[in-house]
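So the structure is just underneath, and the comments pick up after that.
Please treat every number below as a calculation from the coordinates, not as lab data. As the structure is a computational prediction, the values presented were derived from the model and not from experiment. Every residue, glycine among them, receives a Cβ derived from its backbone with ideal geometry; neighbour counts consider all protein chains shown.
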Amino acid sequence: MDVSQIELVSRYADILQVGARNMQNYTLLRELGQSRTPILLKRGISATIEEWLLSAEYILAGGNPDVMLCERGIRTFEGYTRNTMDISAIPVVQQLSHLPVVADPSHGTGLRDTVAPMARAALAAGADALIIEVHPDPDHALSDGAQSIFLSQFDRLMAELRNIAPAIGRSICLDRVASRSWAAPPARSTETAH
């Protein structure tokens, strides 16, 4: 969230996440460009695709080529879901940029029952990776319980994603962050699409 946190967090984290509310914190983005730690840049809550890509340029211009773009839903007039998951942004961004696109269906809608359908749709639309909040007892989670899925739901979702991936010429990578022309350190036991 702040330039002063970059050095400390970089010592312990494999990836630095820039949250939606800091997508246009240009001072922070410029400093992250000096970092050699991969950056996950979440789309701002009301950001256009162009604004999102231009924010990534601040990091890239500083010399850090390891930027991932994260579609996490945008604010619209719809009040039923927390955000509106912009699945169409995934292929559009992939046409406009070489950067990997990560989808966050948990924040994308804020509703547990919509996480799996949005994850399936994001993979089918070409997402390079997914961020999915999972909790053994989401109703008692200290934060984001409403958008966290149960372990059994996650197991079922991963089985579904393993079936969808080959249908679109993709596969599920079990042990490391997927790569499309950028380098990142191995993740800790995550599953990503590539």
What does the convex hull of the Cα atoms of the range 3-69 come to per residue, in Å³, rounded to a whole number? 67
Distance histogram in 5 Å bins (all Cα pairs of the range 96-159, percent per bin): 4, 20, 28, 24, 13, 7, 4, 1, 0
Take the Cα pairs of the range 48-126, get the Kirkwood Rh, then feed it into Stokes-Einstein at 4 °C and 1.567 mPa s and tell me D in µm²/s. 99
For the chain, give the magnitude of the charge dipole about the Cα centre (Cβ charges: +1 Lys/Arg, -1 Asp/Glu; no others), in debye to the nearest 20. 240
Using the charge dipole of the chain (Lys, Arg: +1 at Cβ; Asp, Glu: -1 at Cβ; taken about the Cα centre), state which of Met68, Ile168, Met118 has its Cα farthest towards the positive end. Ile168
Each label sits 7 Å from Cα toward the beta-carbon; between Asp2 and Arg30 the label points are separated, in nm, by 1.9
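As a footprinting exposure proxy, order His107, His98, His140 by other Cβ within 10 Å, with the fewest listed first. Don't jump to the answer; show the numbers that get you there.
Working: His107 23, His98 11, His140 8.
Fewest-to-most Cβ neighbours within 10 Å comes out as His140, His98, His107.
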Tell me which of Pro91, Val102, Gly19 sits at the most positive position along the dipole axis of the chain, charges placed on C-beta atoms (Lys, Arg +1; Asp, Glu -1). Pro91
Compute the distribution of all C-alpha to C-alpha distances in the range 3-193, in bins of 5 Å from 0, and list the percent of pairs in each, rounded to whole numbers. 1, 8, 16, 20, 21, 18, 11, 5, 0, 0
Per 0.36 nm of contour for each residue apart, how much would the distance between Gln95 and Thr76 grow if the chain were fully extended, relative to their Cα-Cα spacing? 4.4 nm
Order by neighbour count: Cys173, Cys70, fewest other Cβ atoms within 10 Å first, most last. Cys173, Cys70
